[in-house]
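Derivation of every value follows stated rules applied to the coordinates shown; laboratory data play no part. In this text, all values refer to a predicted model and were calculated from it rather than measured experimentally. Backbone-built Cβ (ideal geometry, glycine too); neighbour counts: all protein chains shown.
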Amino acid sequence: MYAIQNATTEGKITVVALLVLSLFSWTIIITKFRQLMIARKASKKFFTSYNSTRDPLEIQRTGEEFEGAPAYELYVRGAEEVAYHLKNNPVPVQPRGPTEPVDGVAHSNTDYVARSVPAKISMASFEAVKVVLEEAASSEAMGLEKGMIVLSTAVAGGPFIGLLGTVWGVMSTFAGIAESKAATLTAMAPGVAAALVATVTGLLVAIPAMFAYNFMVTTIRHLTQELDGFSSRYANQIEHVYVDHRPLAEEIRAANEVLAGRIVGALKSQETAALVER
């Protein structure tokens, strides 16, 4: 208190600026810590649920929610895009293969789901799904990193702001001593002590921010890598189950059959209309 009371105006301004930076820093630390803890717990529950089924859209159908999990937000975006294309741009296919999974055969559950789907999406629609997944992954990664610039500023800038206040205070102290021509310890001590308060405050701001920043950067990196891995796996499972991979000749034949059915239906409608008129 004695040092603060004897601080110069510049030193007091420096301390106030550091206290404001500390306030923002601790706000980010508390908020971000809570966000990351929720994200880790929710992600663990989501991956447990997702790995329990071979159908990539099963969670959406059951209505399960995992708020706070970045992977779940990506999953929802991808599932909505797939559902949109299945509704508006479906590729009808004939279910084929076994009607039940084969016990003891690897990936038979996935193959069973893929073979039993009556409608799929084209490769063009799947490219749109992949774009949505990439955008969602980037958005969630940026959401995890939001606010970290404040902590990095506190870590890097706090000590330098404090040092600036200290140097300025020492400079003012020596200038005052030179003017009074009284170079005694009693004359120097109050000014030097007041100047050093700025450095102490800068370190008190930077040290907690440094530990929090290192912990949070490591956690965010883990969640981001986990998110990227899930995005690739999710896209691969969607492609395996819901993307039409039939040979081109078979697709053309199916399209011709659909077109022929529509033509026959139109002709029958015309014949019915003509009979009604007669």
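Please list, or write none, the lysines whose alpha carbon is within less than 17 Å of the alpha carbon of Lys41, excluding same-chain residues fewer than 8 places away.
Lys32
What is the order of Val217, Val15, fewest Cβ neighbours within 10 Å to most?
Ordered from fewest to most neighbouring Cβ atoms within 10 Å, Val217, Val15 come out as Val217, Val15.
Find out how many positive minus negative residues lie around Val131, taking Lys and Arg as positive, Asp and Glu as negative, among other residues whose Cβ is under 11 Å from that of Val131.
Charge balance near Val131 sits at -2.
Per residue of segment 224-232, in order, report the coupling 6.51 cos²θ - 1.76 cosθ + 1.60 (Karplus, θ = phi - 60°) as ³J(HN,Hα) in whole Hz, putting x for Gly and Pro.
Rounded to whole hertz, the list is 5, 5, 4, 5, 5, x, 5, 4, 5.
Amide H to amide H, which residues 5 or more places from Lys120 or on other chains are under 5 Å from it, using H placed in the peptide plane?
Result for Lys120 returns Val91, Val93.
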